[in-house]
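Remarks on the structure that follows.
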Amino acid sequence: MISALTFVVGFSLKQSKTKNAIALDPVAMELLGVKEGDKVQVTRGQLLGLTIGRAVELAVIKGNPEDFGKRIVRLSEDVQGFSHGDTVILHVI
């Protein structure tokens with residue numbers, strides 16, 4: 001099991017009923033050892049062990065099949081502080 005992975009933020013999840021959520025592909029979920037409903041921490045990155053920007057705790061949901069294998073994550077519309085194209089790091093909580 002891996003404790004962190006890097007992804008690029010895609011456009012937000014417009015039809016998601018889940019708030020404070022992040023959509024991941026099944027391979028990423030397996031590598032991180034998480035399942036739908038588990039929480040992960042999302043940050044913009046780290047420099048010398050310190051978090052850059054804010055860290056957000058989000059619930060995992062299964063991603064769109066067209067994103068699988070592309071290292072793209074999508075965030076629910078209510079998540080602030082991240083934009084399309086940002087590189088983020090997911091940490092298992």
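The values are calculated or read from the model by the stated rules, or taken from the named source; none is laboratory data. For clarity, every value in this text was computed on a predicted model and none was experimentally measured. Note that we place each Cβ from the backbone using ideal geometry, even for glycine, and neighbour counts take in every protein chain shown.
Within segment 82-93, how many residues turn out to be over 16 Å from A59 (Cβ atoms) and part of a strand (DSSP E or B)? Total meeting the criteria: 2. State yes or no: is F11 more than 15 Å from H91 (Cα to Cα), touching a Lys or Arg at 6+ places or on another chain (Cβ under 7 Å) and outside any helix (DSSP H, G or I)? When the stated conditions are applied, F11 passes them.
With respect to V79, is the statement that it is at pLDDT 95 or above and either in contact with a helix residue (DSSP H, G or I) (Cβ under 9 Å, 6 or more places away or on another chain) or assigned to a loop (DSSP other than H, G, I, E, B) (or both) true?
Working: at pLDDT 95 or above: no; either in contact with a helix residue (DSSP H, G or I) (Cβ under 9 Å, 6 or more places away or on another chain) or assigned to a loop (DSSP other than H, G, I, E, B) (or both): yes.
No, not satisfied.
Given the options V27, V60, V9, name the one that is out of contact with any Phe, Trp or Tyr (no Cβ under 6 Å at 6 or more places or on another chain) and buried (at least 16 other Cβ atoms within 10 Å of the Cβ).
Values: V27 fails: buried (at least 16 other Cβ atoms within 10 Å of the Cβ); V9 fails: out of contact with any Phe, Trp or Tyr (no Cβ under 6 Å at 6 or more places or on another chain).
Sole residue among the options that is out of contact with any Phe, Trp or Tyr (no Cβ under 6 Å at 6 or more places or on another chain) and buried (at least 16 other Cβ atoms within 10 Å of the Cβ): V60.
Considering only residues of segment 63-87 that are within 17 Å of V34 (Cα to Cα) and aliphatic (A, V, I, L, M), which is surrounded by the fewest Cβ atoms within 10 Å (Cβ to Cβ)? Only one residue tops the list, namely I72.
Write out, first by first residue and then by second, each pair whose Cβ atoms fall under 6 Å of each other, whose residues are 6+ apart or on separate chains, and whose first residue, in segment 25-42, is under 12 Å from E57 (Cα atoms) and without any contact (Cβ under 8 Å) to a residue 60 or more places away in the chain while the second is loosely packed, with under 13 Cβ neighbours inside 10 Å and among the basic types (K, R). Pairs that qualify, where the first residue is under 12 Å from E57 (Cα atoms) and without any contact (Cβ under 8 Å) to a residue 60 or more places away in the chain and the partner is loosely packed, with under 13 Cβ neighbours inside 10 Å and among the basic types (K, R): there are none.
For segment 1-18, the set of residues classified as without any contact (Cβ under 8 Å) to a residue 60 or more places away in the chain and of a type in the set (S, T, Y) consists of T18 only.
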